[in-house]
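One structure below.
The values are calculated or read from the model by the stated rules, or taken from the named source; none is laboratory data. Predicted model, so just to flag it, every value in this text is computed and none were measured. Cβ atoms come from the backbone with ideal geometry, glycine included; neighbour counts cover every protein chain shown. For accessibility, only protein heavy atoms count, side chains too; no ligands or nucleic acids. Shrake-Rupley method; radii C 1.70, N 1.55, O 1.52, S 1.80 Å.
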Amino acid sequence: MNEEKKIAGIYKRVSTLDQKREGFSLPEQEEKLREFCKFKGYEIYKVYADEGISAKDDKRPAYQQMIQDIKDKKINVIVAFKLDRLTRSVFDIEKLMKFVNDNECDIDCMADESNTTTSNGRMVMRIMTSVSQNEIEKCSERTKFGLVGAIKAGHIPGPLPLGYQRIDKKMIPDPLTKDIIVRLYDLYLEGKSYQTIANIYNKEQVLGKTNWLDSTISRMITNEIYKGDYVHGRSTKHPTYYENVVEPLVSKEKWEDCQYQKQRNARHYERTATYLFTNKLKCSKCGCFLGGSATTKKNGIKYYYYKCEKCKNYFSEIDIEEQLKGFLIELNKQDELINDYYTPFIKSKLDNKQIDYDKEVKELDKQLDRIKNAYIKGILKIEDFENEIKQIEFNKNNLTKKYQEQKQYENLSFTVDDLLILQDKQQIDEFVKPELFFINLNKWLNTPREKKQKLFAKYIDFIEIEKVDKDIEITSGNFRESFLADMRNNHVMYGTPYNFNIFEDDYGYPLRMNWEAKTKENARKYFDKLCTTLGSDYKLNYYEIDTDDDLKDITFPSTCEIEKIIRLIALDKDKFDKNKNLQLAVITIDLTNVIAPNGKQVYKGYFEKVRKVLRDNELCNI
């Protein structure tokens, strides 16, 4: 082959990093290689150039064209400046050496004595390639190490997800758009499908858009970034999961609830109907979620039913609602308390002043000017121009709304004790004014189906039911973990009331107890404030007691005939007090003089009657 006339194909390649490091551009390489071919007596057939492409593999256009020309016998020697211009991979160099040997072609590198014409040249080629591959691997390791540090610092690569903005390369929540994401998760937990949420956003023209898709909603619901985590290399064989790298828009519990909700959203419900308990009812025997069906009678009234496909049991929605009536009324009152008082209280504590409204408006005006100029110059099409204008208008309206909310909440003067008093007053009023039960019942019965369904979906994870003969029994149930987590987090961050029940009274009623202890002085102040708020028509009592070692006995010397415990307050222990038992402040309401229209005491013997109901009803322990 050495006697044969040499027809050379000059191969040149450079990446931006190579040019910066070594200073050789493609024209400079070509000039030197042409002189080298002249010196060697090679006839030049063609120059092959790959610009800005790495040599980590052989997927390069000019390189592949050169390989094809070797197969077609158009060239019989490859001339390159250095071996690493051809490849930096040991695997690829072995593959290339076998290829050129099979096709009677040589390799001749100008600067590092790599060639296939001698055994020494082939050895040098293998050594140089190993060194080059090692450099690539080291560079890759350094890049990955830097990337890990950047991700952990909140510098997330790739496109910016909706709800976030970048400040100094760090991804942080965008106060103007984050609520769109939060609402999206809430709608999904209410039982709305991806398509329904997309339809709602299209109807409202959220972000000025009318092209929201169910696939877009699905990607957002499953995106880990919204719970503060990030997956790098998702489409690779070995993705890397990073936890807590950005500030989350939703809690981890809410995100997980949504993923669990996905598993339940099988289409075993008629989508044209609104079921109060969509994906919430579980068969206590087999553990399967119940499907739903509806029938319309001749009178035009629609009746809803739930069925366990495995056990073949049917349940009427009317019967289920009747069983849950008391619980649903209490849930509705709790929801009103949260919406009317807790949420405004939390928003009054939020640092909304972090939004510089004047600056944001000016920035939006600048965006508007840039878009108008781009349209005038013909850079933007009319439909793109209109979409951009709608998005800016949406953001400006959203900004105005947030500004008004901030001013509204700044004027609130609630304290944590005020919220606690609202909660206790609600319970006291129910005992002192029994007619409130019927008022609340009537309110619930007149609540629209959609609102009832939304309420149940918002708070309840599932209810287990079974049929005993023809009767329906509630066997157990759970609140959503995300709701409980929000209650805990809001208590820790903003001081909203958070009760827990470790005691029951003699009748089986769970007793509310503060999560945090108060000093005796502050507990007494709270009692006095509660009395002042309620007025003289309510007779409240205050006791301080020691519990027993098992935290079961909370006996105190009652001062009236019929008395109901309203709240327990754990007391901070005095440093000189050697008693190790928990001390409690006990607030009670005197119900002796609550008289029915027939002149009898309403609560005489009442609590004894309901004791069995409370102990047998598992829903009381949700």
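You will find that of GLU190, GLU204, the residue that is at pLDDT below 85, of a type outside the set (A, V, I, L, M, F, W, C) and farther than 30 Å from ASP92 by Cα is GLU190 and no other. If you go through segment 71-106 and pick out every residue that is in contact with a strand residue (DSSP E or B) (Cβ under 8 Å, 6 or more places away or on another chain) and either under 18 Å from GLY121 (Cβ atoms) or open to solvent by 10 Å² or more (accessible area, probe 1.4 Å) (or both), you end up with 16. Of the helices (runs of 4 or more DSSP H) lying entirely inside segment 28-123, those carrying at least 3 residues that are of a type in the set (A, V, I, L, M, F, W, C) are 61-71, 90-102. For segment 572-581, indicate whether the set of residues that are crowded, with 18+ Cβ neighbours inside 10 Å and modelled with pLDDT of 80 or more is non-empty. No, segment 572-581 has no match at all. The number of residues in segment 397-422 that are under 27 Å from the mean Cα position of the chain (by Cα), open to solvent by less than 80 Å² (accessible area, probe 1.4 Å) and more than 21 Å from ASN211 (Cβ to Cβ) comes to 6.
Based on this model, can you work out whether LYS425 counts as within 28 Å of ASP179 (Cα to Cα), modelled with pLDDT of 85 or more and surrounded by fewer than 17 Cβ atoms within 10 Å (Cβ to Cβ)? Spelling it out, it is not the case that LYS425 is within 28 Å of ASP179 (Cα to Cα), modelled with pLDDT of 85 or more and surrounded by fewer than 17 Cβ atoms within 10 Å (Cβ to Cβ).
Looking at segment 454-461, can you tell me whether even one residue there is open to solvent by 20 Å² or more (accessible area, probe 1.4 Å) and either among the aromatic types (Phe, Trp, Tyr) or within 16 Å of LYS333 (Cβ to Cβ) (or both)? Within segment 454-461 (the criterion being open to solvent by 20 Å² or more (accessible area, probe 1.4 Å) and either among the aromatic types (Phe, Trp, Tyr) or within 16 Å of LYS333 (Cβ to Cβ) (or both)), the answer is yes, since at least one residue qualifies. Close contacts from segment 205-223, counting a first residue that is farther than 19 Å from ASN398 by Cβ and a second that is in a loop (DSSP other than H, G, I, E, B) and at pLDDT 90 or above, with Cβ to Cβ under 8 Å and a gap of 6+ residues or different chains, come to ASN223/PRO161. For segment 236-349, the strands (runs of 3 or more DSSP E) that sit wholly inside it and include 2 or more residues that are surrounded by fewer than 15 Cβ atoms within 10 Å (Cβ to Cβ) are 240-242, 291-296, 302-308, 313-316. Of the residues PHE385, PHE394, the single one that is open to solvent by less than 90 Å² (accessible area, probe 1.4 Å), under 30 Å from LYS349 (Cβ atoms) and touching a helix residue (DSSP H, G or I) at 6+ places or on another chain (Cβ under 8 Å) is PHE394.
Yes/no matrix, rows are residues, columns are (1) over 18 Å from CYS109 (Cβ atoms); (2) aromatic (Phe, Trp, Tyr); (3) exposed (fewer than 14 other Cβ atoms within 10 Å of the Cβ); (4) touching a Pro at 6+ places or on another chain (Cβ under 7 Å):
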{"position": "PRO27", "(1), (2), (3), (4)": "yes, no, yes, no"}
{"position": "GLU31", "(1), (2), (3), (4)": "no, no, yes, no"}
{"position": "GLU43", "(1), (2), (3), (4)": "yes, no, yes, no"}
{"position": "TYR48", "(1), (2), (3), (4)": "no, yes, no, no"}
{"position": "MET66", "(1), (2), (3), (4)": "no, no, no, no"}
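Residues are listed down the side, and each one gets a yes or a no for (1) out of contact with any strand residue (DSSP E or B) (no Cβ under 7 Å at 6 or more places or on another chain); (2) acidic (Asp, Glu):
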{"site": "SER482", "(1), (2)": "yes, no"}
{"site": "ASN489", "(1), (2)": "yes, no"}
{"site": "ILE502", "(1), (2)": "no, no"}
{"site": "PRO510", "(1), (2)": "no, no"}
{"site": "ASP537", "(1), (2)": "yes, yes"}
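The one condition from (1) exposed (fewer than 13 other Cβ atoms within 10 Å of the Cβ); (2) of a type in the set (S, T, N, Q); (3) in a helix (DSSP H, G or I) that SER536 does not meet is (3). Per this entry, LEU213 is counted among residues that are open to solvent by 70 Å² or more (accessible area, probe 1.4 Å), at pLDDT 90 or above and not basic (Lys, Arg). Take the conditions (1) in contact (Cβ under 8 Å) with a residue 60 or more places away in the chain; (2) open to solvent by less than 40 Å² (accessible area, probe 1.4 Å); (3) more than 19 Å from LEU422 (Cβ to Cβ); (4) of a type in the set (Phe, Trp, Tyr); TYR509 misses just one of them, which is (2). Of the residues in segment 217-229, at least one is open to solvent by 50 Å² or more (accessible area, probe 1.4 Å) and modelled with pLDDT of 85 or more. Count of segment 154-181 residues, restricted to those that are among the charged types (D, E, K, R) and within 18 Å of the chain's Cα centre (by Cα), is 3. Does segment 517-532 contain at least one residue that is polar (S, T, N, Q), open to solvent by 20 Å² or more (accessible area, probe 1.4 Å), without any contact (Cβ under 8 Å) to a residue 12 or more places away in the chain and closer than 19 Å to GLU430 by Cα? Within segment 517-532, one or more residues are polar (S, T, N, Q), open to solvent by 20 Å² or more (accessible area, probe 1.4 Å), without any contact (Cβ under 8 Å) to a residue 12 or more places away in the chain and closer than 19 Å to GLU430 by Cα.
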